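The values are calculated or read from the model by the stated rules, or taken from the named source; none is laboratory data. If you're wondering where the values come from, they're calculated on a predicted model, not measured in any experiment. Using ideal geometry, Cβ is built from the backbone for each residue, glycine included, and neighbour counts are taken over all protein chains shown.
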Amino acid sequence: MFTDRIDAGIQLADKLLPFKDKEVVILAIPRGGLPLGSIVAKTLQAPLDVALSKKIGHPYNREYAIGAVSMDQIVMNDVAGVHQRYIEEETTRIREILKKRHEQYYKNRKPQDLKDRIVIIIDDGIATGNTIRVTAEMVKAQKPKKVVVAIPVAPKSAIKSLEDSAYIDQVICLQTPYDFMAVGQFYEFFDQVSDEEAIKLLQESYEYKPG
């Protein structure tokens, strides 16, 4: 159990200390991954960026991810009974959100160059791993040196799915509880992260100078 995202970020940063002083970029999944990513980036003295991808929720349970979308890619599970039209409409809707976030997050700067860097993808936890898998696929296309996924909590099935991915080189997870139902179950405080807070964390990281 984690107190909040700050607590989880501190614990995750401690686990990732072996990556300090290496060519690392921290890539947080917005918005929940940003508080953790900010802490890890400062601890490792590495730049912080965001991964613009988002899950497609099941039409009858939006929290259950049946796929994930980035600005130009989509990864889907084989889910019976879900109409193609729903997937197409959700993809269009999500990409509008991602476009808006891109404009907000990159107003005064450019995305980090990931080529030949160790990219550590961070979220506050995962249930299925779909969002991170599409993110890793997107990242791998930029020819990084290594792709690492780091999360505080996830079910063992999701970890195995990530470890089996051709786009992910290493998976680091602090807890893999057997009674996993939802990420928020393992936080005492799990409020939503607003766009304003996310943008502030990114801006602070951009202005942060180690020393």
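Details
- Residues of segment 119-133 satisfying the condition of being aliphatic (A, V, I, L, M) and surrounded by 24 or more Cβ atoms within 10 Å (Cβ to Cβ): V119, I120, I121, I122, I126, I132
- One residue from D116, D124 being modelled with pLDDT of 90 or more, acidic (D, E) and within 14 Å of the chain's Cα centre (by Cα): D124
- Filter result for A51 (more than 23 Å from L201 (Cβ to Cβ), in contact with a helix residue (DSSP H, G or I) (Cβ under 6 Å, 6 or more places away or on another chain), surrounded by 14 or more Cβ atoms within 10 Å (Cβ to Cβ) and touching a residue at least 40 places away in the same chain (Cβ under 8 Å)): no
- Check on V40, in contact with a strand residue (DSSP E or B) (Cβ under 7 Å, 6 or more places away or on another chain), assigned to a helix (DSSP H, G or I) and either closer than 27 Å to T3 by Cα or modelled with pLDDT of 90 or more (or both): yes
- Apart from one condition, A150 fits all of (1) at negative phi; (2) out of contact with any Cys (no Cβ under 8 Å at 6 or more places or on another chain); the exception is (2).
- Contacts under 7 angstrom Cβ, first residue in segment 72-85 being touching a residue at least 24 places away in the same chain (Cβ under 8 Å) and closer than 18 Å to E137 by Cα, partner charged (D, E, K, R) and crowded, with 16+ Cβ neighbours inside 10 Å, 6 or more apart: Q73/E137; V75/R133; V75/E137
- Unique match (being modelled with pLDDT of 95 or more and β-branched (V, I, T)) among V50, V25: V25
- Across segment 157-196, the qualifying residues are those that are under 16 Å from the mean Cα position of the chain (by Cα) and part of a helix (DSSP H, G or I), and the one among them that is surrounded by the most Cβ atoms within 10 Å (Cβ to Cβ) is A158.
- Only one entry of K99, K115, K140, K107 meets the criterion of being touching a Lys or Arg at 6+ places or on another chain (Cβ under 7 Å) and free of Cβ contacts under 8 Å to residues at least 60 places away in the same chain, and that entry is K115.
- The sole residue among I87, I6, I94, I56 that is assigned to a strand (DSSP E or B), at pLDDT 85 or above and of a type in the set (A, V, I, L, M, F, W, C) is I56.
- Residues of segment 134-156 that turn out to be charged (D, E, K, R) and either buried (at least 24 other Cβ atoms within 10 Å of the Cβ) or in a helix (DSSP H, G or I) (or both), as a count: 3
- Scope segment 67-93; condition within 30 Å of R117 (Cα to Cα) and either of a type in the set (V, I, T) or in contact with a Cys (Cβ under 9 Å, 6 or more places away or on another chain) (or both); matching residues: V69, I74, V75, T91
- For segment 7-36, the set of residues classified as of a type outside the set (S, T, N, Q) and under 15 Å from V153 (Cβ atoms) consists of D7, A8, G9, I10, L12, K15, I29, G32, G33, P35, L36, listed by residue number.
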